[in-house]
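Read the structure below first, then the notes.
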Amino acid sequence: MAAMDSGKPATDEVLFECRGRLGVITLNRPRAVNALTAGMASAMLEQLRLWAGDDSVAAVLVRGSGERGLCAGGDIVAIYRDMLDGGNATAAFWADEYTLNSLISNYPKPYVAFMDGLVLGGGVGISAHGSVRIVTERTRLGMPETTIGFVPDVGGTLLLSRAPGETGTHAALTGAHLNAADAVFLGFADHFVPSAKLEDLARALESEPVDSAVARFAEEAPQSGLAGQEWIDACYAGTDAEEIVRRLRAFDGQAREEAAKAAEAIAAKSPTAVKVALVSLRRVKGLSLEKALEQEYRVGLRFLAGPDFREGIRAQVVDKDFSPAWQPASLAKVSDEDVESYFAPLGDRELILPKEHNNV
């Protein structure tokens, strides 16, 4: 998920330059932790298409300005305001953003992402689909959408569904922030490079092949705390969200405190978002990224029209009372029919993405 237009020219909010044989994209909204806007996504899409056909550009690097992170997702207040006005601008934006995510995944040149600091929501979409994904000791990655009555998007459902065992389900339903080790373990990143070495790596990428440059600076990632956690696989299996919460609360092994915290975290989320997120992960397995994004678009438009997305943003960032009134208020009151309605075809509003970007 990412932001609507902030009113500033996209040329100020995202910067493009060539350094040697490296095309560099710098997200340039440091005060907003580089939250994506519609204009920024559109500008990135255009520039990446140009660089794809430019023989003087051998690779692309995306990074964030400032010290706080690559991209903390979206300006959800802007999305909230658009929802009050019908949500059409957000729907149009998501269509462009998902096209960008697909292009990054299919990019014909190395696409390097410095996933330093915060990488949330829409920030995952412009980094984790790249071919060379670098995390640091400062990385805090997550898909926290269920907290605001929404579900993972930007291809996040597909990435989470591919994680080892049920660790992706755990991350999706709890909205937990992940460190560098977790990001590598779950499959969101490839390499660990200390943040102090990123500038030197960026300079090396200007003239060296990407693989050899990264190999010189990369270090072994720490061990993820999610690895070998049998309670996660035991508790999160299946498609019944209520049963998952029951298992977590009843777990009596060594990790019972972690399981209990996970249960309480899920219980605080939008019940509708939790159930739709769970089914989204199950339905997306085996799909291409493009089909996954099309499913997320279908689901996202249903959330734009429903009550919980607006209510979640209101409670978290507008009124900041942190007491959302979810509708329905419990998992038991969200029927299978309710969940299934989020996946129903959109008719002429369907998003159709190309399987390949042959004309970039």
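The values are calculated or read from the model by the stated rules, or taken from the named source; none is laboratory data. Please read all numbers here as calculations on a predicted model, not as lab measurements. When we count neighbours, we look across all protein chains shown, and the Cβ atoms used for this are built from the backbone with ideal geometry, even at glycine. Ligands, DNA and RNA are excluded from the accessible area calculation, which covers all protein heavy atoms including side chains. Shrake-Rupley method; radii C 1.70, N 1.55, O 1.52, S 1.80 Å.
Each row is one residue, and each column tells you yes or no for (1) in contact (Cβ under 8 Å) with a residue 24 or more places away in the chain; (2) in contact with a strand residue (DSSP E or B) (Cβ under 6 Å, 6 or more places away or on another chain); (3) open to solvent by 10 Å² or more (accessible area, probe 1.4 Å).
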site: L48; (1), (2), (3): yes, no, no
site: R63; (1), (2), (3): yes, yes, yes
site: A72; (1), (2), (3): yes, yes, yes
site: I79; (1), (2), (3): yes, no, no
site: L84; (1), (2), (3): yes, no, yes
site: A95; (1), (2), (3): yes, no, yes
site: Y98; (1), (2), (3): yes, no, no
site: S105; (1), (2), (3): yes, no, yes
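Open to solvent by 10 Å² or more (accessible area, probe 1.4 Å) and out of contact with any helix residue (DSSP H, G or I) (no Cβ under 7 Å at 6 or more places or on another chain), is that true of R310?
The answer is no for R310.
Could you count how many residues in segment 235-263 are farther than 23 Å from D336 by Cα, out of contact with any helix residue (DSSP H, G or I) (no Cβ under 6 Å at 6 or more places or on another chain) and in a helix (DSSP H, G or I)?
Here the count works out to 6.
Considering A325, A292, which residue is of a type outside the set (V, I, T), crowded, with 18+ Cβ neighbours inside 10 Å and at negative phi?
Numbers: A325 fails: crowded, with 18+ Cβ neighbours inside 10 Å.
Checking each option against the conditions leaves just A292.
Quick one: would you say A176 is among the aliphatic types (A, V, I, L, M) and open to solvent by less than 20 Å² (accessible area, probe 1.4 Å)?
The answer is no for A176.
Kindly indicate whether any position in segment 116-126 is open to solvent by 20 Å² or more (accessible area, probe 1.4 Å) and touching a Lys or Arg at 6+ places or on another chain (Cβ under 6 Å).
Yes, segment 116-126 has at least one match.
Answer with yes or no whether G175 is under 13 Å from the mean Cα position of the chain (by Cα) and either modelled with pLDDT under 95 or over 19 Å from L289 (Cα atoms) (or both). Working first, answer last.
Numbers: under 13 Å from the mean Cα position of the chain (by Cα): yes; either modelled with pLDDT under 95 or over 19 Å from L289 (Cα atoms) (or both): yes.
Answer is yes for this residue.
Quick one: in segment 238-266, of everything that is within 19 Å of S335 (Cα to Cα) and in contact (Cβ under 8 Å) with a residue 60 or more places away in the chain, which residue is most open to solvent (accessible area, probe 1.4 Å)?
E242
Condition check: of a type in the set (A, V, I, L, M), open to solvent by less than 30 Å² (accessible area, probe 1.4 Å) and in a helix (DSSP H, G or I). Does A332 satisfy that?
Criteria not met by A332.
Of everything in segment 120-130, what is touching a residue at least 60 places away in the same chain (Cβ under 8 Å) and outside any loop (DSSP other than H, G, I, E, B)? Give them in sequence order.
G122, G123, V124, G125
Within segment 68-83, can one find any residue that is at pLDDT 95 or above, within 27 Å of D200 (Cα to Cα) and charged (D, E, K, R)?
Yes: segment 68-83 contains one or more residues that are at pLDDT 95 or above, within 27 Å of D200 (Cα to Cα) and charged (D, E, K, R).
I'm checking my understanding of the structure. Among residues of segment 132-173 that are part of a loop (DSSP other than H, G, I, E, B) and hydrophobic (A, V, I, L, M, F, W, C), which one is surrounded by the most Cβ atoms within 10 Å (Cβ to Cβ)?
V154
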